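For reference, the structure discussed in these notes is given below.
A short reminder: the numbers here are calculations on the coordinates, not readings from a lab. Everything numeric in this text was worked out from a predicted model, so none of it was measured. Reconstructed Cβ throughout: ideal geometry from the backbone, glycine too, with neighbour counts over all protein chains shown.
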Amino acid sequence: MTGSIVNSKIIVSKNIDELSEHFAGILVHGVDASINFFNIAISGGSTPKAVFDYLAVNYKSKIDWQKVKLFWGDERCVPPDHSESNYKMTYESLISRIEIPPQNIFRIHGENNPVEEAKNYAKVIAENIPVDSNLPRFDLIMLGLGEDGHTASIFPDRLELIESNDICAAVEHPSSKQKRITLTGKVINNSVKIVFLVTGKNKSKTVDTILSKRGGYELQPASFINPTNGELIWLLDLEAAEKFKHNLEGY
Ligand code: 6PG
């Protein structure tokens, strides 16, 4: 079931496999259509992990991974073999199971000094991602959504990062105080395509607050993710869409 709201498409799936299949279709279309490399910034979290597993099993040979360059939208400031590393999660669930050249992997060095690494990764992006409107323009940015409305690692206490002129920032998780590196809002919004992947009942209130612009939506960073010249797609499962789905035809 699909719907749209202010230049965004909303696709509700019965389960994670159906949601993953939708994401795979977006990826296949993008990679096939790209003349050179297809630059994607991926997300951490349990939903992306399930999608990566699905891609590894079902799209190992259906996507020309040689054309895909992997970047991260955010990373925890931990070593790459740490249980909380987004790189480690992606390596185990996807990278180690597909034929993607090592030189196509641009991980954030979570083991480095956060402020230094934010600068370093901004340089890596500037050197590898085409520029449009004076900003790096990814072909696709995959995002998750926290219950507090955070996305990537732009948390509610750092809303100014939505409009920052820096490509990356070093931040701190508001409750765990874990240091993180994140892309900032302008870079995310400069992407050709932005896809939110959100599952679970615990996200249904946040999804509805953001998509219906209910009270307090302006305090949630994900509310400010709107591509300046691109497409926004929300891939939701039935649970995450529970409070919002009445806005969609077919409900
Ligand atoms: C991270 C992610 C973060 C995540 C959301 C949703 O590094 O944790 O970038 O933004 O996508 O917290 O995570 P879940 O999909 O696990 O709910």
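Taking amide H as placed 1.01 Å from N in the peptide plane, the amide H of residue 143 sits under 5 Å from that of 195, 196, 197, each at least 5 places away or on another chain.
Note on segment 173-251: the alpha carbon radius of gyration divided by the globular reference 2.2 N^0.38 Å gives 1.20. Rounded to the nearest 5, the antiparallel percentage of DSSP beta bridges internal to the chain is 40%. Both numbers refer to the Cα atoms of segment 123-204; Rg and Dmax are 13.3, 40 Å. Amide H to amide H, with H built 1.01 Å from N, residue 64 comes under 5 Å of no residue 5 or more places away or on another chain.
GluC sites (Glu not before Pro), restricted to segment 139-204: which are DSSP loop and have at most 11 other Cβ atoms within 10 Å? Passing sites in segment 139-204 are 163.
Once Rg and the Kirkwood radius are both taken over the C-alpha atoms of segment 45-100, their ratio Rg/Rh works out to 0.97.
Size descriptor for segment 7-140, Kirkwood hydrodynamic radius: 15.7 Å (Cα pairs only, one decimal).
For segment 86-97, backbone phi angles converted through the Karplus equation (6.51, -1.76, 1.60; θ = phi - 60°) give residue-by-residue couplings of 5, 4, 4, 4, 5, 4, 5, 8, 9, 3, 6, 10 Hz, Gly and Pro being listed as x.
Just want the answer: with Cβ charges of +1 for Lys and Arg and -1 for Asp and Glu, which residue in 130, 16, 175 is farthest toward the dipole's positive end in the chain? The residue sitting most towards the positive pole is 16. The alpha carbon centroids of segment 16-71 and segment 113-158 are separated by 19 Å. Globularity index of segment 19-68 is 1.10 (Cα radius of gyration / 2.2 N^0.38 Å, N = number of residues). In segment 67-147, the alpha-carbon atoms span a convex hull of 126 Å³ per residue. For the chain, the convex hull drawn through the C-alpha positions has a volume of 116 cubic angstrom per residue. Multiplying the residue separation of residue 35 and residue 147 by 0.36 nm and subtracting their alpha-carbon distance yields 36.6 nm. Placing +1 on each Lys and Arg Cβ and -1 on each Asp and Glu Cβ, with no other charges, gives the chain a dipole about its Cα centre of roughly 140 debye. Bridging of residue 245 to aspartates and glutamates at a Cα separation below 15 Å is possible for 208, 237, once same-chain residues fewer than 8 apart are set aside. In this Cβ point-charge picture (+1 for Lys and Arg, -1 for Asp and Glu), segment 12-156 has a dipole of about 280 debye about its Cα centre.
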